[in-house]
Amino acid sequence: MKPAPRPDNDAMRVNALHQLNILDTKAEERFDRITRLAAHTFGCQFSSISFIDSERQWYKSVYNFDATELSRDISFCAYTITKNDVFVINDTHKDDDFKDSEFVTDAPLLRFYAGVKISINNYHVGSLCVFDTTPKQFSSADEHALQDLASMVESELQKEVLTQAAEAMKRYQEQLDETQKLTRVRNTILEKIVNAESLHSVLLDIVKAIESEYHNQKCSILLLKDNCLYSGAAPSLPDFYNQAIDGVEIGLGQGSCGTAAFTGKRTIVEDITTHPYWTAWVELAAKAKLGACWSEPIKAANGKVLGSFAIYHSKKATPNKEELARIEMFANIASIAIERQKSSDLIWHQANFDELTQLPNRNIMGEHLKKALDAAQRNKTQVAVMFLDLDNFKDINDTLGHGVGDALLIDCAKRISSCIRHKDTVARLGGDEFVIILNDITDFGGLEKTAQKILKVIEQPYHLQSEVVHSSASIGITIYPDDAEDVASLLKNADQAMYGAKGVGKNNYHYYTKSMRNAALKRMTLITDLRHAIEHNELFLVYQPIVNMNNGNVNKAEALIRWQHPTRGLICPDDFIPIAEETGLIIDISNWVFERVCRDAKYWRKTLCPDLQLSINTSPVHYTDPDRCITQWLQHMLVSRTPPQAITLEITENLLMDANTSVSNKLFQFRQAGVDIALDDFGTGYSSISYLKKYPTDFLKIDKSFVHSMSEVSNDKILCEAIIVMAKKLGIEVIAEGIETEEQHNILQKMGCKYGQGYLFFKPLTYEEFNAMLEKSKSAMNKSTMRSSGDIL
């Protein structure tokens, strides 16, 4: 192995290294944590931070091996400092320059090396490297990550630079008349930085410290992000001025700060009123009473512009040599504060977030879950923990490669995140395992909807790297405090429940608790049975007659659904209609009801009651489904030749409350076709007269809760009478539901209510019973007609 070539500026580079005073110092945890992080991040056995002296490589921090220094002539890192980019040897055995190195042929038998330079003041003084005994591939993303870690080393070295800058500042102060001023400013700023207070606090204190000593100056620090400058600290400038320049795009001629940040060079504007850089802001500056602005770019150790530091004067002003040095010094200190914060943010983010998906990792997930449990305990609510594992992920990874596998995980993370609320958390534990934390659970149905939604989005096809990939997931669910009250136990429970989901066929979810599992099983069984009921004619209709209370005739009835379960017997609609609406099965049920009502109405109108009108309860879901819209019924009526006057649609106030233009248009389509509209359960919701004016309404059905408690002296009587009077004024007929007594009948009849429905008249009748009732009614009418004819004769 040949010794690495020496840079042309090697003597100055070594001098810069010696000025750091870091050689032959003791190991420090601030560097050791970076080497540990590097080794774990890239899966390497060894890692080091070292500095290249004139004739030796000296190690400041090593991971997993013991070494202090070695000859520069045999150093891999001596090559690294000659490179501007990351220096990578994927396999030393295949590299002619390094295959005969003693570190390759003898212990530690190196096969892989990756290193990146460590720079101070543009001098490459050392390197951060990782190496291993097995060959490795090092991606572009890995190179960027290694460079980020090197930036963290450089940030830590800035402490040494800061100390030297402070000493240089002290020597310089001896030559100035304002020695005490600079000392106080320096001490305040350095104390803030060393104590690692928030960036905003440090920047604010830098500005305040300067302004407290130099009373005729106003300072500003702006931070650069996405080519725009944003306020960092400017307490003495007017709010309207700070707001006006906040977010200004950098560029040549964009004021002093915008130009300095764009060019990376100091920009001195001695007279704002005449300088072309300030043409667009001259009036704003005059309003803020600003006459001059000296701006210095704030730069990182690698020369990247981080923002700008500016000093304003109320009148035009020209800086002297000492003032220019002072501006540069404060900009440098600001850069140290900014870079230190960036390094801290990077370390925190890497410690708490998954690098691939950018989701929270196990560390911060545990904190989020603990906070969620504490909040649930205070608020007496529940927390659901879901443990999600992708089905057959290993097969995808092994078959299509890790690149496709990683892309699948990223896409899955986005899909899962789209299914939860802002206050909930999704985290990646590693591999193909995710944890979802759902806060403030009060509704079991909502929890199930979320689980079903996640399963549905994950099973959609993935288009990854020219491949179409299909996947699914198994989810385990556990509930706080029902199942456990601590983080570890809840995660364990959810994990066990997840394996239960896999055990029942994957692409499923499974509850940990027996009680909830039984409830979910009962619910899922009911849904399955309901699907079976639709297909196997277990559903049937009954008809409750609606009586004309003026003459006792029946030419109207309400169709009501019933379910005769083969083993459970008759199931109440209240037990299955809500589930049918949640699952969308209500549309299939409603279509089935409609078809049979049309069939029955046609037959009865033809044979027994020519003006018979049957009403059908409709669901709000049916009006909003884009694929199975309720207006398809109009086509069925046309094809089946069902008279529109034979059908009435019953709607609820909830539909009208949530109605948009689309719903309104559908109701008007039915009305224009000749189908009557009845507003059901009127008075139980947020009743509004505006509904009656805005939407087509032929009948109001007074809810049975009003009728049931109605008496001659009750408030319900007054309400019913008001509804009837109002409806008549609007040309709407009224049907009173739930009439069970003669008193209720008499009161409603006196009020002018035309139609009544209830057990006083008829219970819901089967098809055969309703048919017999119509036959009896027709027979009675025929006899009455015959008697009338006889009287005439």
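The values are calculated or read from the model by the stated rules, or taken from the named source; none is laboratory data. Computed from a prediction, not measured in an experiment: that's the story for all the values here. Cβ placement follows ideal geometry from the backbone for every residue including glycine, while neighbour counts extend to all protein chains displayed.
The table below gives the values:
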| quantity | calculated |
| --- | --- |
| Residue match in segment 25-43 (condition: aromatic (Phe, Trp, Tyr), more than 22 Å from LEU157 (Cα to Cα) and under 49 Å from the mean Cα position of the chain (by Cα)) | yes |
| Condition broken by ARG13, with the remaining ones in (1) buried (at least 16 other Cβ atoms within 10 Å of the Cβ); (2) out of contact with any His (no Cβ under 7 Å at 6 or more places or on another chain) satisfied | (2) |
| Filtered residue count, segment 417-459, keeping only those that are in contact with a helix residue (DSSP H, G or I) (Cβ under 8 Å, 6 or more places away or on another chain), surrounded by fewer than 16 Cβ atoms within 10 Å (Cβ to Cβ) and assigned to a loop (DSSP other than H, G, I, E, B) | 1 |
| One residue from SER619, SER615 being among the small types (Gly, Ala, Ser) and either modelled with pLDDT of 95 or more or in the same structural domain as GLY446 (by TED's automatic domain parsing) (or both) | SER615 |
| Residue selected from segment 601-619 under the condition touching a residue at least 60 places away in the same chain (Cβ under 8 Å) and assigned to a loop (DSSP other than H, G, I, E, B), by the criterion nearest to the chain's Cα centre (by Cα) | LEU612 |
| Selected residue [more than 30 Å from ASP148 (Cβ to Cβ), within 40 Å of the chain's Cα centre (by Cα) and outside the structural domain of ILE118 (by TED's automatic domain parsing)] from SER231, SER314, SER308, SER236 | SER236 |
| Residue match in segment 564-584 (condition: surrounded by 14 or more Cβ atoms within 10 Å (Cβ to Cβ), within 16 Å of THR528 (Cβ to Cβ) and more than 35 Å from the chain's Cα centre (by Cα)) | yes |
| Among the candidates THR183, THR133, THR163, THR179, residue that is at pLDDT 90 or above and β-branched (Val, Ile, Thr) | THR133 |
| Of all residues making up segment 567-600, the number that are in a helix (DSSP H, G or I), farther than 21 Å from PHE444 by Cβ and among the polar types (S, T, N, Q) | 2 |
| Test set (1) surrounded by 20 or more Cβ atoms within 10 Å (Cβ to Cβ); (2) in a loop (DSSP other than H, G, I, E, B); (3) modelled with pLDDT of 90 or more - ASP483 fails condition number | (3) |
| Flag if GLU768 is loosely packed, with under 11 Cβ neighbours inside 10 Å, within 23 Å of PRO573 (Cα to Cα) and modelled with pLDDT of 90 or more | yes |
| Residues satisfying the stated conditions in segment 640-673, i.e. outside any helix (DSSP H, G or I), at pLDDT below 90 and over 17 Å from ILE616 (Cβ atoms) | ASP658, ALA659, ASN660 |
| Segment 535-560, residues that are surrounded by fewer than 17 Cβ atoms within 10 Å (Cβ to Cβ) and more than 30 Å from VAL734 (Cβ to Cβ) | GLU535, HIS536, ASN537, GLU538 |
| Filter result for the condition that a residue is outside any loop (DSSP other than H, G, I, E, B) and in contact with a Phe, Trp or Tyr (Cβ under 6 Å, 6 or more places away or on another chain), over SER61, SER119 | SER61 |
| Candidate set from segment 381-409 (those that are within 25 Å of GLY476 (Cβ to Cβ) and assigned to a loop (DSSP other than H, G, I, E, B)); member that is modelled with the lowest pLDDT | ASN392 |
